[in-house]
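The values are calculated or read from the model by the stated rules, or taken from the named source; none is laboratory data. Every value quoted in this text rests on a predicted model; they were computed, and no experiment measured them. Cβ sites come from the backbone with ideal geometry, for glycine too, and all protein chains shown count toward neighbours. Heads up: the accessible areas ignore ligands, DNA and RNA and are worked out on the full protein's heavy atoms, side chains in. Shrake-Rupley method; radii C 1.70, N 1.55, O 1.52, S 1.80 Å.
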Amino acid sequence: MGRWQDMTQEELEKQYAPGRWSHRMDKEAVIEAHVREVTEAFPLVLYIHGGYWQFLSKEVSGFIAPPLVTQGIAMVAVGYDVAPKGHMDVMVAQVRRSVAFIVQQYSKTSGVYLCGHSAGAHLAAMVLSTDWEEYGVTPDIKGAFLVSGVYDLEPITHTSVNNLLHVSREVARRNSPVLCMTAATPARKACEVLIAVAQHDSPEFHRQSQEYFQALRSAGWSVSLLDIADTDHFDVIEKLSQRGYILTQVILNMISRA
């Protein structure tokens, strides 16, 4: 092939028209397909960590990302001020504001999905009861995966967990998802909620999951309950790093159906 200086105008145009060299489709079609591919909306999973509202952070929450990103799903870890710095009201407000901020930053999502473990499941459930008019945005929340969560905080106030939290009965009641139930509007009916609990979670965790499931269903939400065999409170979420794990598969399938 000669130097570009020796080419005719027509040949030079051809050389610098990448679409004319594609074997997949004609030059106009391949450019249109490329634009669609790179600008197409993507699913976005927001992960809210556990740690009994007292430890862990968004910085250590990336472990669930690999099975998601390989399927074209974006993942963002959401942080909040844990106790003793953070108060329960503050944590709930921070997570709600984070969701509002993130959906404004990522406007081309095909849907937002919440995923939370333990205390994070509680916070994700509180997001579901948000009055979004206060935030000036209406997130397109298509699904929520709540894993081994606490949905009624009052029992926690009578345990040593509350030594750092200092949650009063009043604070517990206004921040208990099971008591903040919002009836399913058409938009909320489009949100599919999965409540998962580990086989070897305590009977109280099983009771809370069952009662929150019943409350959501009675309010008209689309909700399912999954008891995950051979897992405890910790590896039930740790295994989300594995593509073949049942909960990973359930999450991927739910997102792919949306």
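Can you confirm whether region 104-120 contains a residue that is part of a loop (DSSP other than H, G, I, E, B), touching a residue at least 12 places away in the same chain (Cβ under 8 Å) and buried (at least 19 other Cβ atoms within 10 Å of the Cβ)? Please lay out each step first, then the result.
Let us first name the residues in region 104-120 that are part of a loop (DSSP other than H, G, I, E, B), namely 106-108, 118.
Filter once more, so that each one left must be touching a residue at least 12 places away in the same chain (Cβ under 8 Å): 106, 108, 118.
With buried (at least 19 other Cβ atoms within 10 Å of the Cβ) added as a condition, the list becomes 118.
Within region 104-120 (the criterion being part of a loop (DSSP other than H, G, I, E, B), touching a residue at least 12 places away in the same chain (Cβ under 8 Å) and buried (at least 19 other Cβ atoms within 10 Å of the Cβ)), the answer is yes, since at least one residue qualifies.
Cβ contacts < 7 Å: first residue under 12 Å from Met181 (Cβ atoms), restricted to region 215-227; second residue surrounded by 14 or more Cβ atoms within 10 Å (Cβ to Cβ) and among the small types (Gly, Ala, Ser), any location; separation 6+ or different chain. Result?
Note: pairs meeting the criteria are Ala219/Ala184; Gly220/Ala184; Trp221/Ala184.
Rundown of residues vs (1) open to solvent by less than 60 Å² (accessible area, probe 1.4 Å); (2) farther than 30 Å from Asp230 by Cα, yes/no style:
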| site | (1), (2) |
| --- | --- |
| Leu146 | yes, no |
| Ser160 | no, no |
| Thr182 | yes, yes |
| Arg188 | yes, yes |
| Val197 | yes, no |
| His206 | yes, no |
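Failed condition for Lys85, given (1) touching a helix residue (DSSP H, G or I) at 6+ places or on another chain (Cβ under 9 Å); (2) modelled with pLDDT of 90 or more; (3) among the basic types (Lys, Arg), with all others met?
All conditions are met except number (1).
In region 45-64, which residue that is hydrophobic (A, V, I, L, M, F, W, C) and modelled with pLDDT under 95 is nearest to Asn162 (Cα to Cα)?
As a first pass, look at region 45-64 and keep what is hydrophobic (A, V, I, L, M, F, W, C): 45-46, 48, 53, 55-56, 60, 63-64.
Cutting the leftovers down to modelled with pLDDT under 95 gives us 55-56, 60, 63-64.
Values: Phe55: 13, Leu56: 17, Val60: 24, Phe63: 28, Ile64: 28 Å.
Residue satisfying both the conditions and the ranking: Phe55.
Please determine, by comparing only the residues of region 218-229 that are modelled with pLDDT of 95 or more and over 13 Å from Tyr151 (Cβ atoms), which one is surrounded by the most Cβ atoms within 10 Å (Cβ to Cβ). So that I can check it myself, show each step before the final result.
Let us first name the residues in region 218-229 that are modelled with pLDDT of 95 or more, namely 223-229.
Now restrict to residues that are over 13 Å from Tyr151 (Cβ atoms): 224, 226-229.
On the way: Ser224: 14, Leu226: 16, Asp227: 14, Ile228: 21, Ala229: 9.
Among those that are modelled with pLDDT of 95 or more and over 13 Å from Tyr151 (Cβ atoms), it is Ile228.
Counting only residues that are assigned to a helix (DSSP H, G or I) and surrounded by fewer than 17 Cβ atoms within 10 Å (Cβ to Cβ), how many does region 63-87 have?
First pass over region 63-87, keeping only residues assigned to a helix (DSSP H, G or I): 63-69.
Add one more test, that the residue is surrounded by fewer than 17 Cβ atoms within 10 Å (Cβ to Cβ), and what stays is 63, 66, 69.
Selection size over region 63-87: 3.
When region 26-62 is examined, which residues are found to be among the hydrophobic types (A, V, I, L, M, F, W, C) and open to solvent by less than 70 Å² (accessible area, probe 1.4 Å)? Steps first, please.
Of the residues in region 26-62, the ones among the hydrophobic types (A, V, I, L, M, F, W, C) are 29-31, 33, 35, 38, 41-42, 44-46, 48, 53, 55-56, 60.
Scanning region 26-62 gives Ala29, Val30, Ala33, Ala41, Phe42, Leu44, Val45, Leu46, Ile48, Trp53.
Return the total of residues in region 121-140 being open to solvent by less than 20 Å² (accessible area, probe 1.4 Å) and farther than 30 Å from Pro203 by Cα.
Let us first name the residues in region 121-140 that are open to solvent by less than 20 Å² (accessible area, probe 1.4 Å), namely 121-128, 130, 139.
Checking the rest, the ones that are also farther than 30 Å from Pro203 by Cα come to 139.
Total satisfying the criteria: 1.
Quick check on this structure: which one of His158, His200 is within 23 Å of Ile64 (Cα to Cα) and either more than 17 Å from the chain's Cα centre (by Cα) or among the polar types (S, T, N, Q) (or both)?
His200 is the lone residue from the list that is within 23 Å of Ile64 (Cα to Cα) and either more than 17 Å from the chain's Cα centre (by Cα) or among the polar types (S, T, N, Q) (or both).
How many residues, within region 128-155, are within 20 Å of Gln214 (Cβ to Cβ) and part of a helix (DSSP H, G or I)?
First, the residues of region 128-155 that are within 20 Å of Gln214 (Cβ to Cβ): 128-129, 143-155.
From what is left, the residues that are part of a helix (DSSP H, G or I) are 128, 154-155.
Summing the residues that are within 20 Å of Gln214 (Cβ to Cβ) and part of a helix (DSSP H, G or I) in region 128-155 gives 3.
Restricting attention to region 235-250, does a residue exist that is closer than 25 Å to Asn175 by Cα and open to solvent by less than 70 Å² (accessible area, probe 1.4 Å)? First the steps, then the outcome.
In the first step, residues of region 235-250 are kept if they are closer than 25 Å to Asn175 by Cα; the result is 236-237.
Adding the requirement that they be open to solvent by less than 70 Å² (accessible area, probe 1.4 Å) leaves 236-237.
Yes, region 235-250 contains at least one residue that is closer than 25 Å to Asn175 by Cα and open to solvent by less than 70 Å² (accessible area, probe 1.4 Å).
Can you confirm whether region 141-150 contains a residue that is aliphatic (A, V, I, L, M), out of contact with any Phe, Trp or Tyr (no Cβ under 8 Å at 6 or more places or on another chain) and modelled with pLDDT under 95?
No; the residues of region 141-150 include none that is aliphatic (A, V, I, L, M), out of contact with any Phe, Trp or Tyr (no Cβ under 8 Å at 6 or more places or on another chain) and modelled with pLDDT under 95.
Out of all the residues in region 88-103, which are open to solvent by 20 Å² or more (accessible area, probe 1.4 Å), within 19 Å of Val137 (Cα to Cα) and touching a residue at least 60 places away in the same chain (Cβ under 8 Å)?
Hits for region 88-103: nothing passes.
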